[in-house]
Number of protein chains: 2
Amino acid sequence: MSGRLAVVGLGPGDARYLTPQAAEALEAAEALYGYGPYLDRVPLRAGQSRHASDNREEGARAQAALAHACRGARVALVSGGDPGVFAMAAAVCEAIEAGPPEWRALDVIIIPGVTAMLAVAARIGAPLGHDFCTISLSDNLKPWESVVRRLDAAAGAGFVIAIYNPVSRSRPWQFGAALERLRRHLPPETPVVFGRAAGRSNEEISVTTLAAADASQADMATLVIIGSRATRVIVRAGRSPLVYTPRAAAEVSA
Amino acid sequence: MSGRLAVVGLGPGDARYLTPQAAEALEAAEALYGYGPYLDRVPLRAGQSRHASDNREEGARAQAALAHACRGARVALVSGGDPGVFAMAAAVCEAIEAGPPEWRALDVIIIPGVTAMLAVAARIGAPLGHDFCTISLSDNLKPWESVVRRLDAAAGAGFVIAIYNPVSRSRPWQFGAALERLRRHLPPETPVVFGRAAGRSNEEISVTTLAAADASQADMATLVIIGSRATRVIVRAGRSPLVYTPRAAAEVSA
């Protein structure tokens, strides 16, 4: 068997964030699989087949890519950001564990990328400069009570919180409920960052406070960072503010 | 003022992980600042001055780079991994907030990179495929009680935990104490990953269990990932195992 599956992190979208390792794997692939808008970011190359699928079809997409690679092809499965953070790498592992024995024998390589929270943080300062948690608000795949418990634990113990997938058409109320929950733990002036399309031409980054944050500021492509009690904002005349969490944080918790 | 400070994430070390944006900023710099071993990874270029400093001197290094840029130079301050995760971006923000007004007027750009936990995770599967926390075990900059409280909160609420800076010469016992603490919350068979120099020629990645994990397996350059109750190991004949945390995690907590 000479096939190979590369699970490739594209980073935040702009080509300046694509690592040479990822670019090489895309170039070498005979077949590309991925969510349509991510595939559209990959330059076309002659002789390469493309297999776009819908956002919700991670499991089926992983299975199709594994089966194709097992037939001897060099396959790239593209993922936005980093494949290991709420993206395709876990879906591939799930498929391998549940799939036929030959999938375990396949050469699988996972190529990391700059995930959204790192890209957004870099554009606004260093909000993730101290201990932080990374939470997906999607409750398609876990009970909402679990999300709430994790928000309580994270905010109560002094973690900064990066929120992926705050909102979707099928989950309209969760992000508002999460903000309400976090207001129980954190002061009104806690900095909150909304980031969208970081580093791309349509980038939108904004800073507000937990008191003023409104769920309508986020959509499914927004990454939200909720500060801790230690997170600070530096106002700069004529420049955007810097939001950062100091390396030294003396206070223990909420 | 025409100076500029770029805080540049080098990624895990191998050039295949260096983004084009980071490579460009390094190429354009007139002066480079950084911890010696990180500076050594940057190809030499004529006309570029180099200012290496010790690991512990983040604050002074940030100040020196800011002052140099304020004199009109294009300065790059290099950081391992991503500058925003336990690295130089927060030190720069701290220096700007405490420093002279002209530092707030300076053009500062932070260039993200692949941080160690993403590189290690990619080499072993998808252990960060569900909600996770990122904690530095250094208590130079925070009280140990704060570390313990965060470990309790994270493990108790079902987060996977990525640990940076587990050990140093001045902190010999903390990582062992952290493992002991986590054993109160998590079952003995919980997967634990030790990763060092991910993606480099001297890479060392190993998988064990929380029961078998020994503090002597880590040094200051090791990244440790502690699974949650949902984290799984796929054994593969003739290949290294895959460690992953499924996207769907039904159980709520320890």
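The values are calculated or read from the model by the stated rules, or taken from the named source; none is laboratory data. A quick note: this is a predicted structure, and the numbers were derived from the prediction, not measured. Glycine also receives a Cβ, built like all others from the backbone with ideal geometry; neighbour counts cover every protein chain displayed. Ligands, DNA and RNA are excluded from the accessible area calculation, which covers all protein heavy atoms including side chains. Shrake-Rupley method; radii C 1.70, N 1.55, O 1.52, S 1.80 Å.
Within the range A:120-136, work out how many residues are farther than 23 Å from B:Gly59 by Cα and surrounded by fewer than 24 Cβ atoms within 10 Å (Cβ to Cβ).
Here the count works out to 1.
Can you tell me which of (1) surrounded by fewer than 23 Cβ atoms within 10 Å (Cβ to Cβ); (2) free of Cβ contacts under 8 Å to residues at least 24 places away in the same chain is the one B:Asp152 doesn't meet?
Of everything listed in (1) surrounded by fewer than 23 Cβ atoms within 10 Å (Cβ to Cβ); (2) free of Cβ contacts under 8 Å to residues at least 24 places away in the same chain, B:Asp152 misses just condition (2).
Do we have B:Ser253 as open to solvent by 60 Å² or more (accessible area, probe 1.4 Å) and modelled with pLDDT under 95 here? Walk me through how you get there before you give the answer.
Details: open to solvent by 60 Å² or more (accessible area, probe 1.4 Å): no; modelled with pLDDT under 95: yes.
So B:Ser253 does not fit the description; no.
Quick one: would you say A:Ser146 is open to solvent by less than 20 Å² (accessible area, probe 1.4 Å) and more than 7 Å from chain B (Cβ to nearest Cβ)?
Considered against the rule, which asks whether it is open to solvent by less than 20 Å² (accessible area, probe 1.4 Å) and more than 7 Å from chain B (Cβ to nearest Cβ), A:Ser146 comes out as no.
Which one of the conditions (1) of a type in the set (Lys, Arg); (2) open to solvent by 50 Å² or more (accessible area, probe 1.4 Å); (3) free of Cβ contacts under 8 Å to residues at least 24 places away in the same chain does B:Arg196 fail to meet, given that it meets all the rest?
(3)
Checking A:Ala197 against (1) on the phi > 0 side of the Ramachandran plot; (2) in contact with a Pro (Cβ under 7 Å, 6 or more places away or on another chain), only one condition comes out false. Which one?
Here A:Ala197 clears every test but (2).
In the range B:178-188, which residues are within 18 Å of B:Ser146 (Cβ to Cβ) and part of a loop (DSSP other than H, G, I, E, B)?
To start, the set of residues in the range B:178-188 that are within 18 Å of B:Ser146 (Cβ to Cβ) comprises B:178-182, B:184-185.
Listed by number, the residues that qualify are B:Arg184, B:His185.
Restricting attention to the range A:33-43, which residues are open to solvent by less than 30 Å² (accessible area, probe 1.4 Å) and either in a loop (DSSP other than H, G, I, E, B) or touching a residue at least 24 places away in the same chain (Cβ under 8 Å) (or both)?
Passing the criteria: A:Tyr33, A:Gly34, A:Leu39, A:Val42.
Check the range A:158-177 and report whether any residue there is more than 10 Å from chain B (Cβ to nearest Cβ), part of a helix (DSSP H, G or I) and open to solvent by 10 Å² or more (accessible area, probe 1.4 Å).
yes
Which of the residues spanning the range A:106-129 are over 14 Å from the mean Cα position of the chain (by Cα) and more than 7 Å from chain B (Cβ to nearest Cβ)?
Once the filter is applied, which keeps residues that are over 14 Å from the mean Cα position of the chain (by Cα) and more than 7 Å from chain B (Cβ to nearest Cβ), the range A:106-129 yields A:Leu106, A:Asp107, A:Val108, A:Ile109, A:Arg123, A:Ile124, A:Pro127.
Exactly one condition in (1) crowded, with 24+ Cβ neighbours inside 10 Å; (2) over 17 Å from B:Tyr244 (Cα atoms); (3) within 10 Å of chain B (Cβ to nearest Cβ) is not met by A:Ala91; state its number.
(2)
Collect the residues in the range A:189-205 that are under 30 Å from A:Arg56 (Cα atoms), over 16 Å from the mean Cα position of the chain (by Cα) and not in a strand (DSSP E or B), keeping them in residue-number order.
Passing the criteria: A:Ser201, A:Asn202.
Let me spell it out: the conditions are (1) among the β-branched types (Val, Ile, Thr); (2) over 13 Å from B:Leu128 (Cβ atoms); (3) open to solvent by less than 10 Å² (accessible area, probe 1.4 Å), and A:Val85 meets all of them except one. Which number is the exception?
With (1) among the β-branched types (Val, Ile, Thr); (2) over 13 Å from B:Leu128 (Cβ atoms); (3) open to solvent by less than 10 Å² (accessible area, probe 1.4 Å) applied to A:Val85, the lone miss is (2).
Please go through the range B:178-193 and give me each residue that is open to solvent by less than 10 Å² (accessible area, probe 1.4 Å) and of a type in the set (A, V, I, L, M, F, W, C), ordered by number.
B:Ala178, B:Leu179, B:Leu182, B:Val192, B:Val193
Given the conditions (1) open to solvent by 30 Å² or more (accessible area, probe 1.4 Å); (2) touching a Leu at 6+ places or on another chain (Cβ under 8 Å), which single one is not true for B:Glu30?
(2) is the only condition that B:Glu30 fails.
Do you know which residues across the range B:206-226 are within 16 Å of the chain's Cα centre (by Cα) and either over 22 Å from B:Asn55 (Cα atoms) or free of Cβ contacts under 8 Å to residues at least 24 places away in the same chain (or both)?
B:Ile225, B:Ile226
When you go through A:Ala73, A:Ala22 one by one, which is the residue that is open to solvent by 10 Å² or more (accessible area, probe 1.4 Å), touching a Gly at 6+ places or on another chain (Cβ under 9 Å) and not polar (S, T, N, Q)?
Checking each option against the conditions leaves just A:Ala73.
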